[in-house]
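The values are calculated or read from the model by the stated rules, or taken from the named source; none is laboratory data. Note that the coordinates shown come from a computational prediction; the quantities given were computed from them, not determined experimentally. Cβ atoms come from the backbone with ideal geometry, glycine included; neighbour counts cover every protein chain shown. Protein only, heavy atoms only, side chains kept; ligands, DNA and RNA dropped before computing areas. Shrake-Rupley method; radii C 1.70, N 1.55, O 1.52, S 1.80 Å.
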Amino acid sequence: MLWEALLWVVLIAGLAGTCAYYLRRRGKGHDGESVNESVGQVFTLVAGLQVVLASFLLIGLLDTNSAAEKAVSDEADRLLALQWAGDSLPEPARSTISASVRRYTGEVIEVEWPAMTAAEEVDDTAWTELSEVRTAIAATPAADEWQRSRQIAAADRLWEVYEARQTRVEAAGSTLSPMMWVALMLGALLSIGLSLLFAGTSARVHVVVVASFAAVVTFMIYTIYQLQNPYGRAAKIGPDAFTTVLGQLT
């Protein structure tokens with residue numbers, strides 16, 4: 001992943017530096033201080049908006065990834081708590097809950113996680129297992145107040161699993177809208193293009209400045225692209241929490 005990022009950064013920086021070099025050689029960059037001033041004003045506005053947009057998107061993606069990682073941990077913890085609460089219920093609810101939780105955890109690890117990593121749609125197979133748990137809890141008669149409290153606790157843990165699961169699945173499908181990508185790419189092209197028009201410095205300094213600016217812009221956009229899916233690419237949250245739960249259940 002890092003080598004791919006470096007490849008894009010070097011490629012775009014080299015391309016921008018080459019354009020700056022040839023523009024200087026052809027005399028496009030020696031139009032005087034008045035041109036520098038007018039170009040600088042537009043460049044400041046466009047580059048500033050580009051940086052602000054990219055920063056907000058990066059912060060939003062980092063928050064989404066953090067929430068997804070917390071949802072994974074919470075879901076795994078609630079599954080284990082659901083199993084423990086189900087152990088306090090009479091048969092056949094106890095066996096039904098135990099088997100359904102085990103199948104659900106295996107389904108998440110073996111089927112749902114590869115789908116989320118590839119940013120594909122997650123099917124409803126695992127929901128069926130949770131529905132069976134809900135049915136088993138609702139059909140369990142409470143012999144005394146203690147069993148009633150265990151039944152309520154199991155229902156509460158099941159609802160928490162539902163909520164955490166929903167957060168996890170929604171995060172897998174979170175991507176930037178096409179309009180955001182258009183704004184990012186347009187801002188990057190305009191910013192780099194305007195930086196080519198500055199004059200008044202040596203050709204070597206101009207090339208270094210343009211190439212450095214292009215490298216920073218490219219790296220920011222590439223980072224945004226890699227962080228879109230919390231379960232794939234750079235973020236790559238794994239099912240370790242579920243694997244641990246499955247090990248404790250078997």
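Among residues other than Ile109 whose Cβ falls under 14 Å from its Cβ, what is the net charge (Lys/Arg +1, Asp/Glu -1)?
Details: positive: Arg102, Arg103, Arg165, Arg168; negative: Glu75, Glu107, Glu110, Glu112, Glu129, Asp240.
Local charge sum for Ile109: -2.
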For Met180, solvent-accessible area (1.4 Å; no DNA, RNA or ligand), Å²: 60
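With a 1.4 Å probe and all protein chains kept in place, how do Ser66, Ser195 rank by accessible area, largest first?
Ser66, Ser195
Can you tell me, using C-alpha contacts under 8 Å and at least 6 residues apart, the relative contact order of the chain as a whole percent? Working shown, then result.
Values: 280 pairs, mean separation 104.7, N = 250.
Here the relative contact order equals 42 percent.
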Structure-derived Rg and Dmax of the Cα atoms in Å - corresponding label in (i) 16.9, 48; (ii) 27.1, 92; (iii) 17.5, 55: (ii)
For segment 46-88 and segment 116-171, distance of Cα centres in Å: 20
Area accessible to solvent at Ser202, 1.4 Å probe radius, in Å²: 60
Relative contact order (percent, whole number), segment 131-249, Cα cutoff 8 Å, 6+ residue spacing: 21
Rg/Rg_ref, segment 148-226, where Rg_ref = 2.2 N^0.38 Å and atoms are Cα: 2.09
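Could you tell me what percent of the accessible area of the chain is made up of carbon and sulfur, with a 1.4 Å probe and every protein chain present? Walk me through the intermediate numbers first.
Values: 8650 of 13570 Å².
Whole-percent figure for carbon plus sulfur exposure: 64.
Ordering Trp8, Trp181, Trp146 from largest to smallest accessible area (1.4 angstrom probe), what's the sequence? Walk me through the numbers before you get to the answer.
Values: Trp8 120, Trp181 55, Trp146 145 Å².
Ranking Trp8, Trp181, Trp146 by accessible area, largest first, yields Trp146, Trp8, Trp181.
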Compactness of segment 115-250 as Cα Rg over 2.2 N^0.38 Å, two decimals: 1.80
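Please calculate how many Å² of accessible area the chain carries per residue, with a 1.4 Å probe and no DNA, RNA or ligand atoms counted. Can you show the working numbers first?
Details: 13570 Å² over 250 residues.
Here the residues of the chain average 54 Å² of exposed surface.
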